[in-house]
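The values are calculated or read from the model by the stated rules, or taken from the named source; none is laboratory data. Here the structure is a predicted model, which is why all the values come from computation and not from measurement. Glycine also receives a Cβ, built like all others from the backbone with ideal geometry; neighbour counts cover every protein chain displayed.
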């Protein structure tokens with residue numbers, strides 16, 4: 001859930017930190033797409049932390065971005081990207097921090113400063129391509145199953161989704177699943193950094209007799225559409241995937257399910273409450289708490305992990321809650337946006353007006369408003385199909401025990417619900433680092449074999465009934 005955007009005031013110290021000499025060597029941003037990883041050392045009291053921003057340019061022309069601080073186990077914090085001429089402002093309100101940098105002439109570095117309340121330090125970010133992009137096109141052995149590039153329409157025929165269908169060898173029909181990614185725009189492989197969990201899961205399942213459809217989210221890859229759909233809109237994408245699979249002769253229509261990761265698990269559960277539901281649902285770390293509670297908890301976790309002063313944490317949380325109240329009680333978007341932007345500017349006189357307006361605009365978007373009030377438990381008693389809830393005990397993005405218990409309780413009228421927790425597995429369903437395979441002497445993340453097999457065994461069990 002850290003991919004959900006929330007925006008409250010983060011202290012910005014704008015061009016003063018950049019130096020006048022950099023203007024001569026900078027290059028306009030439209031000549032240098034920012035896609036990829038931007039990494040740099042953050043000098044903190046007592047040592048350095050590696051900071052990684054991931055930027056993906058969407059079909060709308062906007063950027064989707066996240067922030068990782070691996071040494072602090074901070075991952076996938078939401079980031080706002082604001083651009084003006086040759087300057088990039090990357091704002092993570094969950095971390096209460098902003099990076100302001102100017103793009104160098106070679107397009108490979110951002111030179112600027114990391115700013116938090118009461119703390120500012122110079123920092124250079126260096127560009128690197130996302131390794132997964134190379135892995136996707138690299139030569140590989142032909143898999144022992146059929147692969148097909150497919151396109152299908154949502155209810156709105158103008159919304160075209162593109163994906164990959166993998167079908168086991170043989171005549172079929174086969175049990176089948178549609179994969180749904182976690183929150184935020186993802187490609188069909190669910191790529192996060194250099195890890196593609198949905199691609200790995202699809203390969204594992206298809207090799208073992210289960211057909212799989214995975215597709216690019218709206219505005220990503222070959223799919224069109226807006227980049228910030230609400231959860232209810234994502235449900236229609238899941239339904240479109242199911243509808244497409246029902247047109248294929250290789251698919252057993254009575255054994256067609258949804259597997260969703262993170263927020264995708266919530267989308268899958270909600271789809272199971274609708275007409276023409278899936279035959280079964282697998283939720284990989286779905287959440288159970290209302291959106292506003294999730295955001296508040298994650299903000300506090302992020303601030304504490306970055307060693308923010310306790311008084312500043314309290315102030316930031318209180319400010320966030322006040323902004324939530326304004327959003328909930330002000331239906332006029334323009335008015336709400338202006339109020340929020342004004343609050344940000346009053347809290348920090350150095351905040352750039354354009355950055356404040358951009359952050360406020362995201363906070364009053366349909367996606368954000370919907371998420372704040374979204375109750376994942378509300379319609380779950382309607383679900384009649386079998387459900388598997390799978391979590392990892394090392395998940396650092398949500399409280400596993402709380403969320404699993406609440407979802408299980410909401411589904412108690414359904415006699416076919418299984419909840420399972422995997423020891424040492426994180427939110428991306430990677431095993432403990434000691435179990436990662438070595439590639440060229442370096443450990444590389446893999447999808448937990450225990451998670452893959454747990455999904456396969458449960459889906460196969462449902463298909464056998």
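Observations
So that you can scan it fast, the table gives a plain yes or no per residue for (1) part of a loop (DSSP other than H, G, I, E, B); (2) over 24 Å from residue 178 (Cα atoms):
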residue: 395; (1), (2): yes, no
residue: 406; (1), (2): no, yes
residue: 425; (1), (2): yes, no
residue: 429; (1), (2): yes, no
residue: 455; (1), (2): no, no
residue: 461; (1), (2): no, no
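- Residue within the range 367-382 that is within 21 Å of residue 96 (Cβ to Cβ) and outside any helix (DSSP H, G or I) present: no
Each row is one residue, and each column tells you yes or no for (1) over 24 Å from residue 376 (Cα atoms); (2) under 16 Å from the mean Cα position of the chain (by Cα).
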position: 210; (1), (2): yes, no
position: 218; (1), (2): no, yes
position: 225; (1), (2): yes, no
position: 237; (1), (2): no, no
position: 244; (1), (2): yes, no
position: 254; (1), (2): yes, no
position: 263; (1), (2): no, yes
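- Filter result for residue 349 (modelled with pLDDT under 95, outside the structural domain of residue 413 (by TED's automatic domain parsing) and either assigned to a helix (DSSP H, G or I) or within 27 Å of residue 271 (Cβ to Cβ) (or both)): no
- Restricting 379, 440, 403, 375 to those that are within 21 Å of residue 263 (Cα to Cα), in the same structural domain as residue 280 (by TED's automatic domain parsing) and either surrounded by fewer than 13 Cβ atoms within 10 Å (Cβ to Cβ) or touching a residue at least 40 places away in the same chain (Cβ under 8 Å) (or both) reduces the list to 403.
- Within the range 265-277, if we keep just the residues that are under 22 Å from residue 165 (Cβ atoms) and surrounded by fewer than 24 Cβ atoms within 10 Å (Cβ to Cβ), the residue that is farthest from the chain's Cα centre (by Cα) turns out to be 276.
- Restricting the range 96-109 to residues that are surrounded by 24 or more Cβ atoms within 10 Å (Cβ to Cβ) and in contact (Cβ under 8 Å) with a residue 60 or more places away in the chain, the residue that is farthest from residue 35 (Cα to Cα) is 96.
- Test: residue in the range 228-236 that is touching a strand residue (DSSP E or B) at 6+ places or on another chain (Cβ under 8 Å), in a helix (DSSP H, G or I) and in the same structural domain as residue 428 (by TED's automatic domain parsing): yes
- Looking across the range 164-201, the residues that are farther than 19 Å from residue 263 by Cβ and out of contact with any helix residue (DSSP H, G or I) (no Cβ under 9 Å at 6 or more places or on another chain) come down to 169, 170, 171, 172, 173.
- Residue 458 vs. criteria surrounded by 14 or more Cβ atoms within 10 Å (Cβ to Cβ) and free of Cβ contacts under 8 Å to residues at least 12 places away in the same chain: no
- Picking from residues in the range 301-318 that are part of a loop (DSSP other than H, G, I, E, B) and in contact with a strand residue (DSSP E or B) (Cβ under 8 Å, 6 or more places away or on another chain), the one that is modelled with the highest pLDDT is 308.
- When the range 202-224 is filtered for residues that are touching a helix residue (DSSP H, G or I) at 6+ places or on another chain (Cβ under 7 Å) and outside any loop (DSSP other than H, G, I, E, B), the ones remaining, listed by number, are 204, 205, 212, 213, 214, 215.
Per-residue answers, yes or no, for (1) buried (at least 18 other Cβ atoms within 10 Å of the Cβ); (2) out of contact with any helix residue (DSSP H, G or I) (no Cβ under 6 Å at 6 or more places or on another chain):
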residue	(1), (2)
392	yes, yes
414	no, yes
419	no, no
423	no, yes
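- Residue 220 vs. criteria buried (at least 21 other Cβ atoms within 10 Å of the Cβ), out of contact with any strand residue (DSSP E or B) (no Cβ under 6 Å at 6 or more places or on another chain) and either free of Cβ contacts under 8 Å to residues at least 40 places away in the same chain or closer than 26 Å to residue 323 by Cβ (or both): no
- Residue check for residue 248: closer than 27 Å to residue 164 by Cβ and more than 23 Å from the chain's Cα centre (by Cα): yes
- Matching residues in the range 94-112 - criterion: being under 26 Å from residue 298 (Cα atoms) and in a loop (DSSP other than H, G, I, E, B): 94, 95, 96
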